[in-house]
Each structure stands twice: as structure tokens, then as C-alpha cells.
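See structure below.
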Ligand SMILES: Cc1cc2nc3c(=O)[nH]c(=O)nc-3n(C[C@H](O)[C@H](O)[C@H](O)COP(=O)(O)OP(=O)(O)OC[C@H]3O[C@@H](n4cnc5c(N)ncnc54)[C@H](O)[C@@H]3O)c2cc1C
């Protein structure tokens, strides 16, 4: 296979919000940038986000970045790094105004300022009860998402689900009039009409919790530098390698992400990474020689899917992996169930070695892409379930029936997974913010 060689100052993998924000900053600094993406920028997940982006603009009610910081630390169930959280929340208003000045359209208030949102739906079980009042008496449906999803799963588990299989709850939006739904939730309304033949203006929407977001990811510091405990300290930067957005873990979300904080994360840390790269490149103008072994390894990984003959289909293995993660690493967890999940994912990982695809074409081969994705998914699933099984406490979205309490003595630490030998190392949560006082762990109620 001949590979064309091209040189750039920066190579960005992924054209979502994080990658594009970084690319923009780098291009403005006159650097030569390549963005390589699996899907077109406007097909990235970033475009699916409809809820909004968090920033304490105080356009509707009094607000400030320090309250936002507290909400984020509390929302993370005290597993978020407080230096990075302070940095993000302080930067938020500036970052959002920067977007506005670039011409990004925002919803507006009558006075012309940016609109700020505070409304939710009302989750009801089969008896029509607005059950969130029992789980989060103050915040109700606006409680943080780990609390809401656990409450829905509890209602269903306890037999109060709706429908013939009692497997979901109902989300009522009829306290909002048609004009508000059309204006504020057009995408959600259209999705319901297209896929469920339900118009939320008239009927409630059936809902059930699923995996929506990855709080973990490639460990980075608040400059976007990828860090690893391989060198002299637990957070040694890997020269020239950065990560930002949902693939990264700064960590600002800790054990539970707040709605609206992910779009902020991609903007703040996409930009911060690029700023750091610009400085890095002043000192490191020339490329290091390419490691041919790494290139060979990447090519072998691609060519492995040219293997013809009989074997299990990669698609079937992917579906099985999804079911295993749903059943063994879901909303409520126990040791036995997760340990079984670890074994099943290990087994699937082995089976994938002999799996095949049926399309060998070289152009627009979606089967090959899906097979490569399955490899990635299974490696990520293994990291997730091994680390979850090792964490003997409940915190944020990690809710264990056998260890129902948070254990701040043992578990104020991030898990770092090493795929080669399935080793876990830990690094402490950064409790010291940049300038303000630390928020010590407290009981989390809503
Ligand atoms: C339905 C939905 C609603 C949401 N609503 C909100 C919200 O209201 N507020 C909020 O803050 N957050 C929300 N989120 C979360 C938020 O949108 C995402 O976390 C965020 O947009 C992620 O941005 P990103 O740039 O990190 O990644 P993405 O936007 O997911 O982009 C990833 C990019 O990487 C590329 N890529 C992936 N793998 C490869 C590969 N192997 N090689 C090359 N390229 C690759 C993809 O093509 C894509 O361009 C929502 C998410 C979803 C799915």
C-alpha cells in the first residue's frame, strides 16, 4: 500500500465542536491545519445538541460563574477537578460572546439579549404521578441527569412503568403551548413525530434512560495536553498530543455531567488546546521523524478486515457488546453482575479477532468502518466495566446496590485504565481550584 505523505503543523482528528474550535484558533494563528473526520462536520454529534450551552450571563436571573462552578462540582459528585472547573466556568461568558461575535445565531429575549432557558418536562409513571417530586423534592424534573435517570429506572423496576411491558415512563410537555414547543424544541418534536408518530403537543413522550454521554476519556490537563503517569509524575504531558471534547477527560464532569456543560467543555478546551499548541510550536518548529512501526501497525489494523472466509459477523459482535453493557454496566450495578460483564466483554474481544465482514471494497465501505468502530467500542467497554467493577462505592452515574454510599475516604480519585495488561492506576481528584476556595464534598441533594 502506498501512502501519500503530507506535512501540517497540526493534525486534528474529528470535526465536531471541539476539533473545529481548535482548528479555527490554529488557522487564525496562520498555522497549517488538517482536520480528518469520519463524518462531515455538520453530521457530528455536536449538531444534535439542542438543550443549550451553559454560561453565567445573568440575562434573565441573577447569576455568576462561581455559582456555575459550585453546581458543576456538586453535579460531578465531587469527582471533577476543581482547577479545570473554575477555568471553564470563568471562561464561559467570554467564550459564548466570542461565538456570538463570530455570527453564531442564539435565541433572543425581547430586549435583544441572549435567551436563557429554565424549563423541563414532567416525568410521569403509569398512574400519572409526577414522581420526580418523591426523588428530588426541590429540583424535581430539573434535578441532575444521573438522579433523573435513576428515578425513572426505579419506577420501571418497581412495576410502575407505562405501556404493555411497563418498560418506560411518560414525559409530558403539555404545560408548554404549541408555539413554545415549536420555537424551543423543534428537533425533539420532529423526532417524536417521525419515529413514534407522536406529537408532544398532544401526547406524552415515552422515555427510558440510556447511555447518552461519556464522562471518562483520554486524560488531559486544563491546557488540553494528554497526560499519563508514565514519566516522572502522575500527570506527565505527552509531547505534542492533545485531546478535547467528549473523547477527553479534563475532568470537569467527574461522575456526572450537567446538561449544557458539554458544549461549553468543547468550546473552552478546544480553544485552550489550540492556544497551548501555538505556544508549543514556537519551541518545536520541526516534526519528529515518523515512527514507521506505528504506521505499519495502523495499516495492519486496516488490512486485517480484508481477511476472507467464514467467521462470525462483526456486526453481530457489536450488537452483543451493546446488550452486555446494557445488562452488566447499566443504571444499577452490583459486583457479580459487573464481574460477569467483564468476562463477557473479554470473550467478545477474543471473538472479534476471528470475525469477518462481507464487503471488501476500498471506497465508502461502511462495513469496514463499523468493524473498526466495534474494535474501539469493545476496548472502551472493557475499560468502562473493569474500572466500574473495581470502584466499590456509588458516585454520580455509578450507582451500586451493594455499595450504596459515596466513599470519600477511598474514592476521591480518577481511574486510569491500561489496555495492554488491564491494569488500573489512580490519580487524585484535583480539589484545589485556581484562585477561589475549594468546595469540600457534601451530601448531594436536589
Ligand atoms: C442528542 C444529543 C443532545 C445533546 N444535547 C446537548 C446539549 O443540549 N448541551 C450540551 O452541552 N451537550 C449536549 N450533548 C452533548 C454534546 O453535544 C457532545 O458531548 C459534544 O457535542 C461533543 O463534541 P465533540 O466535538 O467532542 O465530539 P463530536 O461532535 O461527537 O464530534 C466527533 C468527531 O470525531 C469524528 N470521529 C470520530 N471517530 C473518528 C475516527 N476514528 N477518525 C476520524 N474522525 C473520527 C466524527 O466524525 C466527528 O466529526 C448532546 C448530545 C447528543 C447526542
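Stretch residue 129-residue 292 to full length: gain in nm at 0.36 nm per residue minus the Cα-Cα span?
Details: separation 163, 0.36 × 163 = 58.68 nm, distance 6.25 nm.
Length difference between fully extended and current span is 52.4 nm.
Rg over Rh for region 311-411 works out to 1.10, using Cα positions for both radii and the Kirkwood form for Rh.
The Stokes-Einstein estimate for region 122-207, based on a Kirkwood radius over Cα pairs and taken at 4 °C with 1.567 mPa s viscosity, is a diffusion coefficient of 97 µm²/s.
Estimated at 0.36 nm per residue, the fully extended path between residue 27 and residue 236 surpasses their Cα-Cα distance by 72.5 nm. Would you mind calculating the relative contact order of the chain from Cα pairs under 8 angstrom and at least 6 residues apart, reporting the percent as a whole number? So the answer I get is 19 percent. Here the alpha carbons of region 340-394 define both size measures, Rg and Dmax, at 14.4, 48 Å.
Note on residue 40 and residue 179: the model spin-label points, each 7 Å out from Cα along the C-beta direction, lie 3.5 nm apart. The distance from the alpha carbon centre of region 131-187 to that of region 314-365 is 30 Å, rounded to a whole number.
Using the Cβ-Cβ distance between residue 304 and residue 108 with R0 set to 45 Å, the FRET efficiency works out to roughly 0.30. Segment residue 66..residue 4, full-extension length gain: 17.3 nm, with 0.36 nm per residue of separation and the alpha-carbon distance subtracted. Taking label positions 7 Å along the Cα-Cβ direction at both residue 334 and residue 376, the computed distance is 3.5 nm, reported to one decimal. Between residue 197 and residue 118, the simple spin-label model (points 7 angstrom out along Cα→Cβ) gives 4.0 nm. Using a Förster distance of 41 angstrom, determine the FRET efficiency expected from the C-beta separation of residue 402 and residue 282, and round it to 0.05. It comes out at approximately 0.20. Mean residue ellipticity at 222 nm, helices only, the chain: -12500 deg cm²/dmol; runs of at least 4 DSSP H residues each add -39,500 (n - 2.57), and the sum is divided by the number of residues. Structural size metrics of the chain, computed from C-alpha coordinates, are Rg and Dmax of 23.0, 67 Å. If both residues of a DSSP beta bridge must be in the chain, then about 70% of such bridges are antiparallel.
Where a number appears in this text, it was derived from the coordinates with a stated rule and is not lab data. Because the structure is a prediction, the values reported are computed rather than measured. Cβ sites come from the backbone with ideal geometry, for glycine too, and all protein chains shown count toward neighbours.
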